[in-house]
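Read through the structure below, which is laid out as structure tokens, and then see the notes.
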């Protein structure tokens, strides 16, 4: 039993030490997210959903630079299509900041917008996200999180809650 406990402590220590190194000033972050629960929010992640027989999709990625230990400034781009005969294509963008509390708990504040083909008004959101960074290697983390998007439009869209699973590369 003592060996199991010591092994578990050693594994957690190595994971924590790895996280400390990967969120230091001067490091880079490349991130791909899946998003569940969000349609039409200006998505910079990977999504595939079907509603009323219409399939919609989105692809995107985000990148960041650690301007100080644990704080990264981020930007992202995405492209998607809402499907169907009259589906609108959407080009999305995101800018924001991500802070890693104790190197393991990422908290993000960001602005997300989109340019929707033939739309009278484009979606615009301010979002806050929290989660957990599980470092599965020196340069790779899996980051499940919960994001709440508040609409900035008067007549378009509504507030949206998303569940994300992010995959990040740290350099």
* segment 58-110-segment 129-171 distance, computed between alpha-carbon centres (Å) -> 8 Å
* Mind giving me the nanometre distance, one decimal, between the label points for residue 159 and residue 117, set 7 Å out from Cα along Cα→Cβ? => 3.3 nm
* Structure fact -> Once both label points are put 7 Å beyond Cα along the C-beta direction, the residue 140-residue 73 separation in nm becomes 3.0 nm
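Rounded to two decimals, what is the ratio between the C-alpha radius of gyration of segment 25-143 and 2.2 N^0.38 Å? Please list the in-between numbers first.
Working: Rg = 15.4 Å, N = 119, 2.2 N^0.38 = 13.5 Å.
The value comes to 1.14.
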* Taking the convex hull of the Cα atoms, report for segment 80-171 its projected area averaged over all directions, in nm². => 7.0 nm²
* To do: Quickly work out the residue 132-to-residue 88 label distance, labels modelled 7 Å from Cα along the C-beta direction, and quote it in nm with one decimal.
  => 3.8 nm
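Values quoted throughout were computed directly from the atomic coordinates according to the rules given, and no laboratory measurement underlies them. Note that the structure is a prediction, hence the values are computed from the model and not measured. For neighbour counting, all protein chains shown are included, and Cβ atoms are generated from backbone atoms with ideal geometry for every residue, glycine included.
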